[in-house]
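Only the coordinates and a few stated rules stand behind these numbers; no lab work does. Computed from a predicted model, the values in this text were never measured in an experiment. Positions of Cβ are generated from backbone atoms using ideal geometry, with glycine treated the same way; all protein chains shown enter the neighbour counts.
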There are 2 protein chains.
Amino acid sequence: MTTFRDLRGISSFDPDEGEAYKDDPLFMRSVARTVAVMSAFQSARHPLSLSQVATAAGVDRSAAQRIVHSLLKLGMLTRDPEDRGYLPGLRVLDMTHDLLRLNPMLQRANPVMLELRRRVRERVDLSLFDDVRVVYALRMPSKHEIFSATIVGHAVPTYCTAGGIAILSLLPDEKVADIVKRSDLTPFTSHTIRTLDEVMVHVHATRERGHSVLCRQLLNHEVAIGAPIRDSSGAPIGAIHVAGSLQEWTAEGFSDSFGPLVQNAAQTVSEKAPIGIRKGIQE
Amino acid sequence: MTTFRDLRGISSFDPDEGEAYKDDPLFMRSVARTVAVMSAFQSARHPLSLSQVATAAGVDRSAAQRIVHSLLKLGMLTRDPEDRGYLPGLRVLDMTHDLLRLNPMLQRANPVMLELRRRVRERVDLSLFDDVRVVYALRMPSKHEIFSATIVGHAVPTYCTAGGIAILSLLPDEKVADIVKRSDLTPFTSHTIRTLDEVMVHVHATRERGHSVLCRQLLNHEVAIGAPIRDSSGAPIGAIHVAGSLQEWTAEGFSDSFGPLVQNAAQTVSEKAPIGIRKGIQE
DNA sequence: GATGTGTGTATCTCTCAGCGATACATCTAT
DNA sequence: ATAGATGTATCGCTGAGAGATACACACATC
């Protein structure tokens with residue numbers, strides 16, 4: 001389907017050889033290794049054997065053995081019920097639940113998303129900004145949803161998605177350029193954005209319009225619009241976006257019909273700084 | 001809303017004092033501590049401060065400092081954008097995605113769930129068996145869904161839910177008794193099952209009927225039916241369940257209308273042992 | 001039946017990661 | 001001021017755990 005690529009980008013870690021932490025006395029090797037093992041499945045297509053975990057995580061077989069053994073006992077990994085092989089364990093879902101539950105922004109977003117879905121009868125998503133990529137956190141599926149339902153945690157590039165462009169529109173130009181430069185620009189469709197210039201055109205349009213409008217970027221018959229979610233300092237931390245089919249909509253029609261609603265929703269979810277009492281403002 | 005309780009039950013770990021692993025040379029203290037910190041948010045209601053993490057995880061402040069610092073750099077934790085405080089980080093969602101993506105049973109379940117939702121116009125869920133509790137993994141929301149959308153990872157008791165009873169119906173009586181004994185039996189509504197005997201009545205009925213039917217267990221106006229998903233050895237690993245409103249349905253009507261569909265769906269998702277070649281069968 | 005390459009599992013010794021104590025610089029709140 | 005949070009930094013001693021090595025058990029293939 002979508003071309004496989006490592007979207008973790010710069011935030012990806014070379015498990016331990018990262019060298020970056022060599023001089024950080026606070027940084028614990030063992031934690032990095034543990035996380036490396038848990039993240040080993042990122043690039044997997046099937047349940048992994050012990051030595052596959054070892055190579056994927058960049059640790060030697062002995063270390064993998066001990067870490068996997070421990071993570072198994074803690075429920076962070078499981079064995080595939082049928083075939084042998086290791087998989088992320090149920091305790092991962094607990095952490096997911098905690099993340100969705102505790103993040104104040106997502107808490108606020110929930111009712112807003114439900115209301116938005118009620119009005120817009122299309123697929124509504126909320127995703128979180130993570131440098132070169134954007135990660136789906138909430139989805140309100142529409143009536144006609146034919147494909148996968150499991151998208152929590154799905155990551156797509158920032159530079160060519162409605163949510164991503166909406167986020168970029170709040171960043172200074174040089175930061176946008178920086179992100180695009182570090183992105184994998186392999187196109188998904190023949191219409192996928194390929195250059196920084198094209199990104200900038202969309203970013204500028206989004207700044208004026210208030211929401212982004214993108215067509216045929218990840219899928220050939222898809223139109224999507226998005227608006228950014230800000231934190232209390234005004235920085236973008238995510239986006240709300242709506243996707244529809246070009247067999248039913250024109251880009252303009254879609255944008256005109258739902259743009260204001262999406263902008264309004266994103267605005268509502270964004271931080272409202274508690275009146276006047278904020279860091280340096282009271283002076 | 002739902003009474004707060006620790007559903008992790010027996011699988012919960014006393015982070016390090018567990019004593020259970022004292023003699024296991026393969027078990028790594030550092031991994032346990034790392035996981036303990038990541039799981040510290042389980043019992044939290046808000047973003048946690050460093051020392052809150054420390055106490056919740058059962059490690060001293062120094063250890064918490066180092067582990068949190070490391071997990072932050074790795075993206076497994078984040079700081080709350082507005083308020084200060086720590087939260088599960090975005091990388092958790094990556095792991096979620098991996099879990100949902102890689103589990104062969106969930107892969108098979110996806111199209112089945114979509115088809116089931118198409119026929120049953122009610123809320124359809126798939127949850128995974130985890131001892132005294134059952135964890136939501138997939139949800140296909142229905143038209144009238146008014147409450148929370150973020151339920152991936154939500155855990156409910158095994159002994160009083162449609163999915164849970166369906167799972168128990170495949171276990172021997174003494175195992176059922178064992179699970180009920182270890183469960184927190186605090187009722188959710190005035191109709192919630194309170195005794196092992198009541199559980200057993202439902203289990204037996206489910207064994208004959210092929211699916212479970214439960215009313216007013218977690219919510220006062222809810223009816224739910226469920227059917228178990230088996231692994232290749234026949235052991236239950238999860239359940240598919242459908243929930244509806246008692247303002248629209250009678251329990252019998254609901255059961256008769258959707259029971260066969262749910263059973264069929266669960267059957268389809270269950271392991272099909274590759275014809276004859278299995279562990280001890282070929283002899 | 002050998003042989004090879006995969007799996008998971010177990011044991012042992014030496015050393016450096018990281019434990020835990022201690023100190024400090026902020027804040028906010030009395 | 002005083003008191004109690006918060007996050008942050010330094011440091012010397014020691015036992016957790018690295019990493020090598022070995023074994024049991026699957027499957028293949030010749």
**Message:** Through the Karplus equation 6.51 cos²θ - 1.76 cosθ + 1.60, θ set to phi - 60°, convert the phi angles of the range B:125-139 into ³J(HN,Hα) values in whole Hz; use x for Gly and Pro.
**Reply:** 10, 10, 10, 10, 6, 9, 6, 6, 9, 9, 10, 5, 10, 10, 9
**Request:** Scan around residue A:270 for amide H atoms under 5 Å from its own, H built in the peptide plane at 1.01 Å from N, and keep only partners 5 or more places away or cross-chain.
**Result:** A:230
**Prompt:** Using the scaling law 2.2 N^0.38 Å as the reference, what is the normalised Cα Rg of the range B:122-228?
**Reply:** 1.01
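Can you tell me the dipole magnitude for the range A:103-269 around its Cα centre, using point charges on the Cβ only (Lys, Arg +1; Asp, Glu -1), in Debye to the nearest 20?
Working: 17 positive and 18 negative charges, 88 e Å.
Roughly 420 debye for the range A:103-269.
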**Request:** Could you work out the Kirkwood radius for the range A:18-107, taking every pair of different alpha carbons, averaging 1/r and inverting it, reported in Å?
**Result:** 14.3
**Prompt:** Shielding of A:208-217 by partners, i.e. mean partner chain Cβ atoms within 10 Å per residue?
**Reply:** 0
**Asked** Got a sec to turn the phi values of the range A:29-34 into Karplus ³J(HN,Hα) couplings, 6.51 cos²θ - 1.76 cosθ + 1.60 with θ = phi - 60°, whole Hz, x for Gly and Pro?
**Response** 3, 5, 5, 4, 5, 4
**Request:** Using the 7 Å Cα-to-Cβ label point, sort the distances from residue B:207 to its equivalents in the other copies shortest first and give them in nm to one decimal.
**Result:** 7.1
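Within 10 Å of each Cβ in peptide B:32-45, how many partner chain Cβ atoms are there on average? Round it to a whole number, please.
Numbers: counts 5, 4, 13, 10, 1, 1, 11, 7, 1, 7, 6, 1, 3, 2.
Neighbouring Cβ atoms belonging to other protein chains average 5 per residue here.
Per residue of A:125-134, how many C-beta atoms from partner chains lie within 10 Å of its own C-beta, taken as a mean? Don't skip to the answer; put the middle values down first.
Numbers: counts 0, 2, 1, 3, 1, 7, 2, 0, 2, 0.
Mean shielding count: 2.
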**Request:** Can you list the distances in nanometres, one decimal and ascending, from the residue A:182 label point to the identical position in each other copy, with the point 7 Å along Cα to Cβ?
**Result:** 4.5
**Request:** Starting from the amide H of residue A:130, placed 1.01 Å from N in the peptide plane, find each other amide H under 5 Å away whose residue is 5 or more places distant or on another chain.
**Result:** A:135
**Request:** Compute the normalised compactness of the range A:159-283: alpha-carbon radius of gyration over 2.2 N^0.38 Å, N being the residue count.
**Result:** 1.13
**Asked** Could you give me the ³J(HN,Hα) list for the range B:194-199, computed from phi with Karplus coefficients 6.51, -1.76, 1.60 and θ = phi - 60°, whole Hz, x at Gly and Pro?
**Response** 10, 9, 4, 4, 4, 4
**Item:** Estimated distance in nm for a label pair at residue A:186 and residue B:191, the labels positioned 7 Å out from Cα along Cα-to-Cβ
**Value:** 5.3
**Prompt:** So, with +1 on the Cβ of K and R and -1 on the Cβ of D and E, and no other charges, what is the size of the charge dipole of the range B:209-273 about its Cα centre, to the nearest 20 debye?
**Reply:** 160
**Item:** Out-of-range pairs (alpha-carbon distance over 32 Å; input A:73/B:181; A:73/A:175; A:73/A:181)
**Value:** A:73/A:175; A:73/A:181
**Message:** So the label point sits 7 Å from Cα along the Cα-to-Cβ vector; using that for residue B:108, what distances do you get to the other copies, in nanometres, sorted shortest first?
**Reply:** 4.5
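With a 10 Å radius around each residue's Cβ, average the other Cβ atoms per peptide and rank B:30-36, A:232-238, highest first. Can you show the working numbers first?
Working: B:30-36: 24.1, A:232-238: 17.9.
The most tightly packed comes first, giving B:30-36, A:232-238.
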